[in-house]
Structure formats: C-alpha cells, structure tokens
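S.K.: Just passing along the structure, written as structure tokens.
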Amino acid sequence: MRILWLKSDLLLPLDKGGKLRTWHLMRHLARRHDITYLAFAEPDTPRAHIDGMREVAARVETITRSDPPKGSLRFYLDAAAHLADPLPYAVGKYRSAAYRHRLESLLATNPFDLIVCDFLVPVVNLPPILPCPAVIFTHNVESEIWRRHAETRTQPIARALMAAQYRRMLRFERRALARFDGVLAVSDADRAAFDRLYPNAIGQPALVVPTGVDVEYFDASPSDTASNTLVFTGSMDWLPNEDAMLFFCRDILPLVRAEEPETRLVVVGRSPTPAVQSLAREYGIEVTGRVDDVRPYMRDASVYVVPLRVGGGTRLKIFEAMAMGKAVVSTTVGAEGLPVTHGEHLLLADEARAFARSVVRLLRDRERRRQLEQAARALVVDRYDWSVVAGELERALVRVARQGALEGTQCESQSLVLDT
C-alpha cells in the first residue's frame with residue numbers, strides 16, 4: 001500500500017511513549033508498504049533526526065514550527081491567547097496553513113491508498129474532502145485525560161480551566177472520530193470508552209492494536225537485592241507524568257521513607273518542568289532530564305513505580321519495565337488497558353497509604369519481588385513483542401483500505417464545525 005502518515009512531530013529522538021509506539025509499528029510496516037511521513041519539526045532539528053526517519057518512511061516531509069517551553073512566559077502567553085478558541089488548546093495550537101497546504105499538495109500529486117492520522121492533532125489541518133480512505137490511530141481517549149485533570153485539580157481557577165478544556169476536547173474528539181473510515185485504539189478499555197462517550201459517532205467499531213515492547217532491547221535484569229532505589233520514567237513535560245511525581249513525592253514517598261529511610265527515587269525523562277525540578281530540592285530525589293538510555297536506571301532499581309492519576313491509552317513504560325523483569329507498583333489508571341493481573345504481574349494501589357505499603361513490601365520481600373519479575377517478563381515475551389503487534393496493525397489498515405476502495409471513497413468527509 002501507499003500510505004500517507006500524518007503526525008504532529010518527528011519520531012526522533014525516541015523520547016516519548018507515543019513516538020516509540022509509532023516507530024516500532026512503522027518500522028515493521030515499512031518493510032512491505034510505501035510510507036510518506038508529514039510532520040512539524042523544530043527550526044533547530046538535527047539533520048540526523050530527519051534523515052533517520054527514512055528507516056521507517058520512504059519520504060519525509062517537514063513543516064517548520066516551534067513550541068514554547070512548558071512553564072515559560074511564552075507558553076503561558078500562548079495558552080492565554082487560546083482562551084476564547086473553540087478548539088481545545090492541545091489541538092488548536094497546531095493549526096497551520098503551511099501544513100494544510102503541503103498536505104493538500106501531497107494528496108493532489110500522489111495516489112495514496114490510505115491516510116493514517118496519528119493522534120488527534122493532525123485532524124485540525126485535514127481538508128474537508130479526502131481522496132482515499134483514512135484511519136485515525138488514537139493512543140489515548142484525549143477527553144478522558146482532560147476530565148481527570150479537572151477532577152484532580154484542587155484550586156478552583158485551575159479546575160475551571162481544565163474543565164473548559166475537557167468540554168472542548170469532548171466536542172472535538174467526537175467530531176474528529178466521526179470523519180474517519182476506521183478508528184484504531186490501543187486497548188479494549190479505550191474502545192469501550194469511545195463506545196460510551198460517542199455511541200453514534202464512529203461508523204465501524206474501533207479496532208484494537210495493543211501496546212508492544214522490544215523484548216530484546218529491554219532484556220531481563222533482576223534487581224539488586226540490596227537496592228532501595230525506586231524509578232519512574234517518562235516525558236516529564238507531559239502533565240499526567242508531572243502530576244504523578246507531585247503526588248508520589250508529596251503523599252507517598254514520605255510514608256515509604258518512614259519505613260525505609262534510605263529509599264531513593266530517580267525520575268528519568270526529557271524536559272522536566274520547573275515543578276518536577278523543584279522536587280529534587282524539596283524531597284532529595286534525582287531528576288535526570290533526558291538520557292540516551294533509560295535501561296541502566298531501570299536496571300539499578302528494585303521497584304518501578306507508576307503513580308499516575310491522569311491518563312489514557314496504555315503505558316509503554318510498564319511493558320518496558322516488565323520486559324526488564326522489574327517489579328511494578330502502579331495505580332489502576334497507570335495500568336489501565338493493559339492485560340495485567342494484580343498480584344500476578346504487578347501490584348495495584350490507588351490510595352497513598354496502600355501504594356506506600358506495596359512499595360515497602362517489595363523492598364523488603366525479595367522472594368515476592370522475584371515472583372512478580374518473572375511473571376511480568378514471561379507475559380510480554382510470549383504475547384507482546386512488537387513484531388506480533390505490528391502484524392495486527394497491518395491487517396487492520398489493509399482491511400480499511402480495501403473496504404474503502406470497494407466503496408469508492410472519493411466522497412466528502414464530514415466537516416468539523418467546531419465553533420458552535
């Protein structure tokens with residue numbers, strides 16, 4: 001097939017869960033299909049990152065765009081400018097005449113068999129008429145993320161702002177999903193959420209393409225029995241990850257240290273916000289920022305923690321930890337959508353004291369930790385290597401493309417009327 005893949009950014013460097021998921025899936029698809037990739041790129045993007053994309057795409061098209069750093073004055077001014085925008089800020093800030101013009105040019109000059117819209121963001125620049133079938137690959141239920149943001153905010157103004165973003169995202173997501181020939185979800189939980197939130201919007205039932213993991217790269221690494229180190233990995237400019245670390249350091253870590261005073265926490269991931277950086281000073285934790293390889297940090301830890309209260313989709317970080325044979329303690333939200341069983345593959349706890357008790361138990365109980373480590377590794381090796389998952393994605397894409405070709409999909413897609 002000839003596929004046009006639309007994304008908000010380049011995949012390199014591979015420093016976000018969504019980038020990793022797309023990279024591994026495209027890497028397998030590129031062996032059998034011709035892919036053109038269109039995305040924004042920062043002005044100072046290294047040429048190596050653009051050239052490196054040709055490992056997963058035959059052609060790479062970029063539109064220059066710059067995002068203000070989160071937490072900066074420019075970021076808040078940009079967000080304020082969107083307060084009256086009917087679009088959610090996370091989408092509206094990507095409106096681009098240049099992106100849309102390049103997209104229309106590609107569609108006019110290339111006979112694509114399928115368009116893949118990766119995440120919701122590219123939808124804002126889609127033309128109203130598409131010449132071929134189109135699929136949206138959702139990595140999350142975006143409206144649910146904003147609903148949870150609103151629910152976890154304690155300050156009235158912040159809660160009101162998040163609630164407004166939630167309502168805008170709910171409206172945008174409904175109308176966005178309605179215009180595609182196929183919707184891909186990353187878990188049964190996300191598919192059920194789409195069915196519940198938008199029962200009449202999606203023409204065909206969403207297809208599930210589960211999360212995978214590179215089981216050779218993230219090879220088993222049993223914990224050092226003497227280690228009292230906890231680790232969390234993720235993009236630290238993503239609000240759910242920031243909230244998770246604020247929650248853990250303020251509400252959970254003091255309870256753990258009351259039982260195990262020597263406990264260390266290492267937070268590994270790109271672009272930590274000022275709020276995350278302040279945790280290093282306030283709670284004596286280590287915040288690394290971006291690293292070339294997360295595995296040494298995971299290898300040195302006894303317990304991998306995922307205290308997320310906000311989120312959607314599935315967490316690649318958990319599968320990576322499981323592949324490395326790490327004992328995991330997570331909230332229910334953190335493990336949402338993953339085929340894992342509490343007490344067999346990981347421990348689940350939502351309340352701060354219960355989470356702390358689970359962490360302390362694993363720090364002290366070497367045998368219990370070993371049981372979880374072995375069961376976790378066995379699950380992902382047997383069922384969730386990327387090569388298996390990519391095969392499921394390929395079958396889903398071929399199905400939508402063939403169905404669209406049979407139906408003669410040169411028709412007007414449902415327009416997004418987002419200002420009412």
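S.K.: Would you point out which residue out of Arg357, Arg369, Arg383, Arg361 is open to solvent by less than 30 Å² (accessible area, probe 1.4 Å) and basic (Lys, Arg)?
M.R.: Values: Arg357 fails: open to solvent by less than 30 Å² (accessible area, probe 1.4 Å); Arg383 fails: open to solvent by less than 30 Å² (accessible area, probe 1.4 Å); Arg361 fails: open to solvent by less than 30 Å² (accessible area, probe 1.4 Å).
Matching residue, one of Arg357, Arg369, Arg383, Arg361: Arg369.
S.K.: Then there's this: Any idea how many residues of segment 281-337 are in a loop (DSSP other than H, G, I, E, B), hydroxyl-bearing (Ser, Thr, Tyr) and more than 15 Å from Val359 (Cβ to Cβ)?
M.R.: Restricting attention to segment 281-337, the residues satisfying the condition of being in a loop (DSSP other than H, G, I, E, B) are 284-285, 290-294, 300-302, 307-315, 324-326, 331-337.
Those still in the list that are hydroxyl-bearing (Ser, Thr, Tyr) too: 302, 314, 331-332.
After this cut, where a residue has to be more than 15 Å from Val359 (Cβ to Cβ) as well, the list is 314, 332.
Adding up the residues that qualify gives 2.
S.K.: Shifting gears a bit: Mind telling me which of the residues Asp219, Asp251 ends up being farther than 16 Å from Leu20 by Cβ, outside any helix (DSSP H, G or I), of a type in the set (D, E, K, R) and modelled with pLDDT of 90 or more?
M.R.: Asp219
S.K.: Condition first: open to solvent by less than 30 Å² (accessible area, probe 1.4 Å) and of a type in the set (S, T, N, Q). Now tell me which residues in segment 133-154 satisfy that.
M.R.: Passing the criteria: Thr138, Asn140, Ser143.
S.K.: Hey, among the residues in segment 312-349 that are closer than 27 Å to Ser143 by Cα and of a type in the set (D, E, K, R), which one's most open to solvent (accessible area, probe 1.4 Å)?
M.R.: Glu336
S.K.: Checking the structure you have, find out if any residue of segment 20-38 is under 27 Å from Val294 (Cα atoms), open to solvent by less than 60 Å² (accessible area, probe 1.4 Å), aliphatic (A, V, I, L, M) and modelled with pLDDT under 95.
M.R.: yes
S.K.: Among the numbered criteria (1) in contact with a Gly (Cβ under 7 Å, 6 or more places away or on another chain); (2) exposed (fewer than 15 other Cβ atoms within 10 Å of the Cβ), which one does Ile129 miss?
M.R.: (1)
S.K.: I need a count of the residues in segment 169-215 that are open to solvent by 40 Å² or more (accessible area, probe 1.4 Å), touching a Lys or Arg at 6+ places or on another chain (Cβ under 9 Å) and under 16 Å from Pro88 (Cβ atoms).
M.R.: Qualifying residue count for the region: 0.
S.K.: Could you say whether any residue in segment 26-36 is within 23 Å of Val389 (Cβ to Cβ), touching a His at 6+ places or on another chain (Cβ under 9 Å) and not in a loop (DSSP other than H, G, I, E, B)?
M.R.: no
S.K.: Quick check on my filter: what residues within segment 94-112 are open to solvent by less than 50 Å² (accessible area, probe 1.4 Å) and more than 24 Å from Asp67 (Cβ to Cβ)?
M.R.: Matches in segment 94-112: Leu107, Phe112.
S.K.: Take the residues in segment 184-203 that are of a type in the set (A, V, I, L, M) and touching a residue at least 24 places away in the same chain (Cβ under 8 Å); name whichever of them is nearest to Arg174 (Cα to Cα). Write out each step before concluding.
M.R.: First pass over segment 184-203, keeping only residues of a type in the set (A, V, I, L, M): 184-186, 189, 192-193, 197, 201-202.
From what's left, touching a residue at least 24 places away in the same chain (Cβ under 8 Å): 184-186, 189, 193, 197, 201-202.
Numbers: Leu184: 14, Ala185: 14, Val186: 17, Ala189: 17, Ala193: 12, Leu197: 8, Ala201: 6, Ile202: 8 Å.
Ranking the qualifying residues of segment 184-203, first place goes to Ala201.
S.K.: Looking at Arg159 and the list (1) open to solvent by 30 Å² or more (accessible area, probe 1.4 Å); (2) touching a Cys at 6+ places or on another chain (Cβ under 7 Å), which single condition is not satisfied?
M.R.: Only one criterion is unmet by Arg159, namely (2).
The values are calculated or read from the model by the stated rules, or taken from the named source; none is laboratory data. Because the structure is a prediction, the values reported are computed rather than measured. Glycine also receives a Cβ, built like all others from the backbone with ideal geometry; neighbour counts cover every protein chain displayed. Note: areas computed on protein heavy atoms with side chains; ligands, DNA, RNA excluded. Shrake-Rupley method; radii C 1.70, N 1.55, O 1.52, S 1.80 Å.
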